[in-house]
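Beneath this line is the structure, given in C-alpha coordinates, with notes to follow.
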Amino acid sequence: HGGGQQVFLCGDNEQLPLRSASVDLLWSNLSYQWANKPGLVFSESRRVLRPGGLLMFTTLGPDTLKELRQAFGADAAFAHVHRFPDMHDVGDFLVQAGFGDPVMDMETLTLTYRDLNGLLKDLKANGVQYAGLDRRRGLTGRKIMAQAAQGYERFRDAGRLPATFEVIYGHAWKPESRTGPGGRPVIDIQLRR
(Lines give C-alpha, C1' and ligand atoms only; values in the text may rest on other atoms or scores of the structure.)
Protein backbone atom coordinates (compact mmCIF):
# COMPACT_ATOMS: atom_id res chain seq x y z
CA HIS A 1 0.00 0.00 0.00
CA GLY A 2 1.26 3.45 -0.86
CA GLY A 3 4.18 4.70 -2.92
CA GLY A 4 2.63 3.45 -6.18
CA GLN A 5 3.63 -0.12 -5.38
CA GLN A 6 1.43 -2.77 -7.00
CA VAL A 7 0.58 -5.91 -5.09
CA PHE A 8 -1.03 -8.92 -6.73
CA LEU A 9 -2.97 -11.41 -4.65
CA CYS A 10 -4.54 -14.73 -5.39
CA GLY A 11 -7.18 -15.78 -2.91
CA ASP A 12 -10.64 -17.18 -2.36
CA ASN A 13 -13.20 -14.53 -3.31
CA GLU A 14 -15.48 -15.83 -0.55
CA GLN A 15 -12.74 -15.13 2.02
CA LEU A 16 -10.46 -12.39 0.70
CA PRO A 17 -6.95 -12.17 2.20
CA LEU A 18 -7.40 -8.42 2.87
CA ARG A 19 -8.12 -6.32 5.96
CA SER A 20 -11.57 -4.83 6.34
CA ALA A 21 -11.97 -1.36 4.80
CA SER A 22 -8.49 -1.56 3.23
CA VAL A 23 -9.07 -0.87 -0.49
CA ASP A 24 -10.67 1.90 -2.54
CA LEU A 25 -11.37 -0.13 -5.68
CA LEU A 26 -12.12 -3.79 -6.10
CA TRP A 27 -12.23 -5.06 -9.68
CA SER A 28 -13.09 -8.61 -10.67
CA ASN A 29 -13.19 -9.97 -14.20
CA LEU A 30 -15.05 -13.24 -14.74
CA SER A 31 -14.46 -14.85 -11.36
CA TYR A 32 -17.67 -14.31 -9.37
CA GLN A 33 -19.65 -16.80 -11.46
CA TRP A 34 -17.60 -19.66 -9.99
CA ALA A 35 -18.51 -18.83 -6.39
CA ASN A 36 -20.45 -21.42 -4.44
CA LYS A 37 -22.23 -18.65 -2.51
CA PRO A 38 -22.60 -15.51 -4.65
CA GLY A 39 -24.13 -13.52 -1.79
CA LEU A 40 -21.05 -14.22 0.32
CA VAL A 41 -18.76 -12.97 -2.46
CA PHE A 42 -20.50 -9.59 -2.51
CA SER A 43 -20.57 -9.34 1.31
CA GLU A 44 -16.86 -10.10 1.38
CA SER A 45 -16.21 -7.53 -1.35
CA ARG A 46 -18.07 -4.92 0.69
CA ARG A 47 -16.09 -5.86 3.80
CA VAL A 48 -12.71 -5.06 2.22
CA LEU A 49 -13.80 -1.78 0.59
CA ARG A 50 -13.38 1.53 2.39
CA PRO A 51 -16.52 3.67 2.74
CA GLY A 52 -17.05 5.28 -0.66
CA GLY A 53 -15.12 2.47 -2.34
CA LEU A 54 -16.13 1.10 -5.73
CA LEU A 55 -16.73 -2.51 -6.77
CA MET A 56 -16.55 -3.18 -10.53
CA PHE A 57 -16.99 -6.64 -12.02
CA THR A 58 -17.98 -8.81 -14.92
CA THR A 59 -19.63 -12.18 -14.55
CA LEU A 60 -21.56 -14.59 -16.73
CA GLY A 61 -25.35 -14.79 -17.07
CA PRO A 62 -27.77 -17.69 -17.63
CA ASP A 63 -27.61 -17.72 -21.45
CA THR A 64 -23.90 -18.52 -21.32
CA LEU A 65 -23.21 -21.76 -23.22
CA LYS A 66 -26.93 -22.34 -23.71
CA GLU A 67 -26.26 -24.32 -26.90
CA LEU A 68 -23.89 -26.66 -25.06
CA ARG A 69 -26.41 -27.11 -22.24
CA GLN A 70 -29.12 -28.03 -24.74
CA ALA A 71 -26.79 -30.32 -26.68
CA PHE A 72 -26.16 -32.35 -23.53
CA GLY A 73 -29.92 -32.48 -22.87
CA ALA A 74 -30.06 -36.15 -23.82
CA ASP A 75 -27.96 -36.92 -20.72
CA ALA A 76 -30.54 -35.27 -18.44
CA ALA A 77 -29.51 -37.36 -15.42
CA PHE A 78 -26.40 -35.17 -15.00
CA ALA A 79 -25.57 -31.51 -15.45
CA HIS A 80 -22.70 -30.68 -17.79
CA VAL A 81 -22.86 -26.89 -17.88
CA HIS A 82 -22.86 -24.46 -14.95
CA ARG A 83 -26.06 -22.50 -14.25
CA PHE A 84 -25.22 -18.81 -13.96
CA PRO A 85 -27.38 -16.27 -12.07
CA ASP A 86 -29.54 -13.73 -13.88
CA MET A 87 -28.43 -10.08 -13.99
CA HIS A 88 -31.35 -9.11 -11.74
CA ASP A 89 -30.33 -11.70 -9.15
CA VAL A 90 -26.77 -10.35 -9.19
CA GLY A 91 -28.17 -6.85 -8.57
CA ASP A 92 -30.21 -8.24 -5.67
CA PHE A 93 -27.04 -9.83 -4.20
CA LEU A 94 -25.39 -6.39 -4.30
CA VAL A 95 -28.28 -4.71 -2.50
CA GLN A 96 -28.51 -7.52 0.10
CA ALA A 97 -24.77 -7.14 0.76
CA GLY A 98 -25.32 -3.46 1.54
CA PHE A 99 -23.98 -1.83 -1.63
CA GLY A 100 -25.44 1.42 -2.83
CA ASP A 101 -26.32 2.67 -6.30
CA PRO A 102 -25.79 -0.63 -8.16
CA VAL A 103 -25.64 -0.38 -11.94
CA MET A 104 -26.05 -3.49 -14.07
CA ASP A 105 -25.74 -4.04 -17.81
CA MET A 106 -25.49 -7.07 -20.05
CA GLU A 107 -24.41 -8.00 -23.54
CA THR A 108 -24.41 -11.22 -25.48
CA LEU A 109 -21.28 -12.30 -27.32
CA THR A 110 -21.24 -15.23 -29.72
CA LEU A 111 -18.08 -17.10 -30.64
CA THR A 112 -18.18 -19.63 -33.46
CA TYR A 113 -16.40 -22.93 -33.90
CA ARG A 114 -15.83 -25.43 -36.65
CA ASP A 115 -16.87 -28.28 -34.33
CA LEU A 116 -17.74 -29.10 -30.73
CA ASN A 117 -14.19 -30.23 -29.99
CA GLY A 118 -12.90 -26.73 -30.78
CA LEU A 119 -15.25 -25.22 -28.18
CA LEU A 120 -14.38 -27.86 -25.58
CA LYS A 121 -10.65 -27.30 -26.15
CA ASP A 122 -11.10 -23.54 -25.63
CA LEU A 123 -13.06 -24.11 -22.42
CA LYS A 124 -10.44 -26.54 -21.12
CA ALA A 125 -7.59 -24.15 -22.00
CA ASN A 126 -9.35 -21.49 -19.90
CA GLY A 127 -9.68 -23.86 -16.94
CA VAL A 128 -13.44 -24.14 -17.30
CA GLN A 129 -15.04 -27.32 -16.09
CA TYR A 130 -18.33 -28.08 -14.43
CA ALA A 131 -17.76 -28.98 -10.79
CA GLY A 132 -21.33 -28.98 -9.45
CA LEU A 133 -22.54 -31.70 -7.13
CA ASP A 134 -24.93 -32.91 -9.83
CA ARG A 135 -22.13 -33.65 -12.31
CA ARG A 136 -21.21 -37.05 -13.67
CA ARG A 137 -18.49 -38.50 -11.41
CA GLY A 138 -16.71 -40.55 -14.03
CA LEU A 139 -15.57 -39.76 -17.53
CA THR A 140 -18.18 -38.73 -20.02
CA GLY A 141 -18.33 -41.66 -22.42
CA ARG A 142 -18.05 -41.62 -26.19
CA LYS A 143 -21.75 -42.30 -26.63
CA ILE A 144 -22.79 -39.23 -24.62
CA MET A 145 -20.17 -37.06 -26.35
CA ALA A 146 -21.40 -38.26 -29.76
CA GLN A 147 -25.00 -37.45 -28.76
CA ALA A 148 -23.92 -33.99 -27.59
CA ALA A 149 -22.03 -33.35 -30.85
CA GLN A 150 -25.07 -34.46 -32.83
CA GLY A 151 -27.39 -32.32 -30.66
CA TYR A 152 -25.13 -29.29 -31.13
CA GLU A 153 -25.38 -29.60 -34.93
CA ARG A 154 -28.92 -28.18 -34.89
CA PHE A 155 -27.35 -24.79 -34.03
CA ARG A 156 -24.96 -24.78 -36.99
CA ASP A 157 -25.27 -21.59 -39.02
CA ALA A 158 -23.23 -20.66 -42.08
CA GLY A 159 -21.01 -23.67 -41.46
CA ARG A 160 -20.10 -22.70 -37.86
CA LEU A 161 -21.31 -23.71 -34.40
CA PRO A 162 -22.21 -20.80 -32.10
CA ALA A 163 -21.27 -20.55 -28.43
CA THR A 164 -23.17 -17.83 -26.58
CA PHE A 165 -21.67 -15.91 -23.67
CA GLU A 166 -23.95 -13.58 -21.70
CA VAL A 167 -21.61 -11.08 -20.06
CA ILE A 168 -22.93 -9.10 -17.09
CA TYR A 169 -21.24 -5.84 -16.17
CA GLY A 170 -21.82 -4.34 -12.75
CA HIS A 171 -20.60 -1.72 -10.36
CA ALA A 172 -21.74 -0.45 -6.98
CA TRP A 173 -20.45 1.73 -4.17
CA LYS A 174 -19.89 0.97 -0.52
CA PRO A 175 -21.91 3.72 1.15
CA GLU A 176 -20.08 6.46 3.03
CA SER A 177 -20.50 6.46 6.78
CA ARG A 178 -22.96 9.18 7.65
CA THR A 179 -22.73 10.90 10.99
CA GLY A 180 -24.41 13.96 12.39
CA PRO A 181 -23.29 16.45 15.03
CA GLY A 182 -21.45 14.72 17.85
CA GLY A 183 -20.57 11.72 15.66
CA ARG A 184 -23.97 10.03 15.97
CA PRO A 185 -25.11 7.95 12.98
CA VAL A 186 -27.65 9.53 10.66
CA ILE A 187 -30.84 7.51 10.28
CA ASP A 188 -33.18 8.40 7.44
CA ILE A 189 -36.87 8.48 8.33
CA GLN A 190 -39.49 8.60 5.61
CA LEU A 191 -43.18 9.22 6.16
CA ARG A 192 -45.60 6.78 4.55
CA ARG A 193 -48.31 8.37 2.46
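The values are calculated or read from the model by the stated rules, or taken from the named source; none is laboratory data. Source: prediction; values computed, not measured. Note: ideal-geometry Cβ built from the backbone for every residue, glycine included; neighbour counts use all protein chains shown. To get the accessible areas, we keep the full protein, side chains included, count just its heavy atoms, and leave off ligands, DNA and RNA. Shrake-Rupley method; radii C 1.70, N 1.55, O 1.52, S 1.80 Å.
Of note:
- Protection proxy ranking of 20-26, 32-38, by the mean of other Cβ atoms within 10 Å over each peptide's residues and highest first, is 32-38, 20-26.
- Averaged over its residues, the chain has an accessible area of 67 Å² per residue, based on protein heavy atoms and a 1.4 Å probe.
- Most positive-pole-ward Cα, THR64, GLY53, ASN126, against dipole of the chain from beta carbon charges: ASN126
- Placing dummy labels 7 Å off each Cα toward the beta-carbon, the span from SER20 to LEU109 is 3.7 nm.
- Reported to the nearest whole Å, the Cα centre-to-centre distance from the range 153-193 to the range 20-89 is 12.
- Here's the list of lysines a cross-link from LYS121 could span, going by alpha-carbon distance under 26 Å and ignoring same-chain residues fewer than 8 apart: LYS66, LYS143.
- Relative contact order, percent, the chain [alpha-carbon distance under 8 Å, six or more residues apart]: 29 percent
- DSSP assigns beta bridges within the chain; of those with both partners inside it, close to 75 percent run antiparallel.
- Mean Cβ neighbour count within 10 Å, used as a protection proxy, ranking 106-112, 66-72 highest first: 66-72, 106-112
- Residue ranges 159-166, 8-15, 40-47, 143-150 sort as 40-47, 159-166, 143-150, 8-15 when ordered by packing (mean number of other C-beta atoms within 10 Å per residue, highest first).
- Sequence-distant aspartates and glutamates (8 or more away, or on other chains) whose Cα lies within less than 13 Å of LYS174: ASP24, GLU44, ASP101
- Summing Cβ point charges (Lys, Arg +1; Asp, Glu -1) relative to the Cα centre of the chain gives a dipole of roughly 460 debye.
- Per-residue [θ]222 nm for the chain (sum of -39500 (n - 2.57) over DSSP H runs n ≥ 4, rounded to 500): -7000 deg cm²/dmol
- Cubic angstrom per residue, convex hull over Cα atoms of the chain: 184 Å³
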